[in-house]
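What follows is a single structure, written as structure tokens, with notes after it.
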Amino acid sequence: MKTTASLLVCLLAASLASAQSEKETRYLAFQIFTYHSSEPKVASAMSSGTREPLIPGKPALRDYVLDVKQRIGMVGGGQTRLAVIFGPLSFEQSDAEVTRFIEKSFDLALETDLAVGFHIDDSIFWTARKDLWSDPKNVEALDWDGTPSTGRRLDWGKTPTSAPPQMCFNSKVIQQEVRHRSALIGDAIQSGVKRLRQRNRPELFAGVIAGWETMIGQDFETGKYLGYRALLNRGFSREHPPQDMDLERQAVVEEFIGLWTAGLAGAGVSRQKIYSHTAFLSHRSFGSGDRKERTYSLQNHFAPATVAFGKDHRPGFSTYPQPGLYDDIYEQLASHKQVGWASSEGTNMQPSSGPGQTGMNMETYLAKMFNHGATLVNIFSWGIGGDAMKTMSFRVVTESEEALQAYRKFLKGEPLIEAPMQPMGLMERLPPKIHRIMKELPPNPEKFRPLMEKLQGLIKDKNFEEAEKVADSILKLLDSNAP
């Protein structure tokens, strides 16, 4: 447990970092999804590698950008700017597609007076690269025998979905591809930044996020944790395992992030404009649940907050509110003496529990980042699903009038008020339980379906006391089915 003195040190370090970061432009950004050929408002997972261009056209992007600009009603000035972040830029897209897209994104920045940035999917979607994933050396293994991953498990919805197999981060071929792609993206960004400087508009580049919740995920069919191929590449084996399996795999993740950001920085992109993107369960939330034999590192897929830091980039995290999340971030910022960081993904809700359960309003949500040294906050879900989905919980939170007022307050340069958190009690316990359920639910959860439907209905009706009881029943069933 921290002493009062250590807490004061963390608070002082965070305050100094905030004061220093406020001297540079801070960006309030909105993610625009770019993996559909005509519609940037589709937020489903990328599909099977068809070779239609997986990037929207310029007219569709312009309409989306202008919608953000017009509804918020201002673009900022001085040390605050409104921005849009385009991504994911992934291995599904060709070098030529990515280069052209970055060029037209800078065109849009100059045309609309909105800053632009980019979000790289570093490893999730690579179906189109059969030349890579067809070689088992490039695919993560689920045991010391080198059994390849069947697919990457994504817990992005009510039930787990499958993505291409987990990439092996330290495969020589994968690392060669990352060096090539990061340099290509970096060169294209630098060309755009040069154009902005020629027009005396350098503030219209918000930055580049190198990663999309970088981690070594779980195997889809078996649910097993991966990383054995990377360990084999590091000289370990069943007979000679590492002293600490978790720390070795964390090192693999951290080095992979660094490989991407070194390529971008080597192309000339400012290290102050390069961010990582990891997602982690806070220590407080981890401690509130029954984790059996699961370690904290394992729970976070070998990507706790510490791996987000590096010499060529600033750290970035997913920041959907959860108990203890911001305390963990502030502690790591203080420990690393870090100036500047990003909310690489987030909005004021927990995806597992719906809107209205975070204990804060949007102004406080922004304050917990901008008041603590954040230089980029990337909000998810604006416009997702088109007009037919305006009642979707993500959109309700992100596009509400209360949220719009908070955005305007920040862009005017007015101080953001960090209101005291409302007592959470039950809502402090329930989200971690639902998070665990979503992580451990089998791909074909037929025996869980009645309880899951009941849980969903109770959450929808905001009957959280009964929802917790059902969640506990599901967890007991999961434990009874554990191997």
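Computed from the coordinates by the stated procedures, all read-outs in this text should not be read as laboratory data. Everything numeric in this text was worked out from a predicted model, so none of it was measured. Every residue, glycine among them, receives a Cβ derived from its backbone with ideal geometry; neighbour counts consider all protein chains shown.
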Contact order normalised by residue count of segment 145-277, Cα under 8 Å, 6+ apart, percent: 36 percent
Footprinting exposure proxy for Ser162, Ser344 (fewest neighbouring C-beta atoms within 10 Å first): Ser162, Ser344
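Could you tell me the relative contact order of segment 254-379? Use alpha-carbon pairs under 8 Å, at least six residues apart, and round to a whole percent. Don't skip to the answer; put the middle values down first.
Details: 194 pairs, mean separation 31.1, N = 126.
Reported relative contact order: 25 percent.
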Full-stretch length increase - Lys311, Asp244 - with 0.36 nm per residue and alpha-carbon distance subtracted: 21.7 nm
Glu103/Glu221 FRET efficiency (R0 51 Å; Cβ-Cβ; nearest 0.05): 0.80
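Show me the ranking of peptides 100-109, 166-175 by mean Cβ neighbours inside 10 Å, starting with the highest.
Ranking, from highest mean packing down: 166-175, 100-109.
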Efficiency of FRET between Tyr296 and Arg271 - r from beta-carbon atoms, R0 41 angstrom, step 0.05: 0.90
Inter-probe distance in nm under a simple model that places probes 7 Å from Cα toward Cβ, at Glu414 and Asp145: 6.5 nm
Leu154 versus Asp135: modelled label distance in nm, points set 7 Å from Cα along the beta carbon direction: 2.5 nm
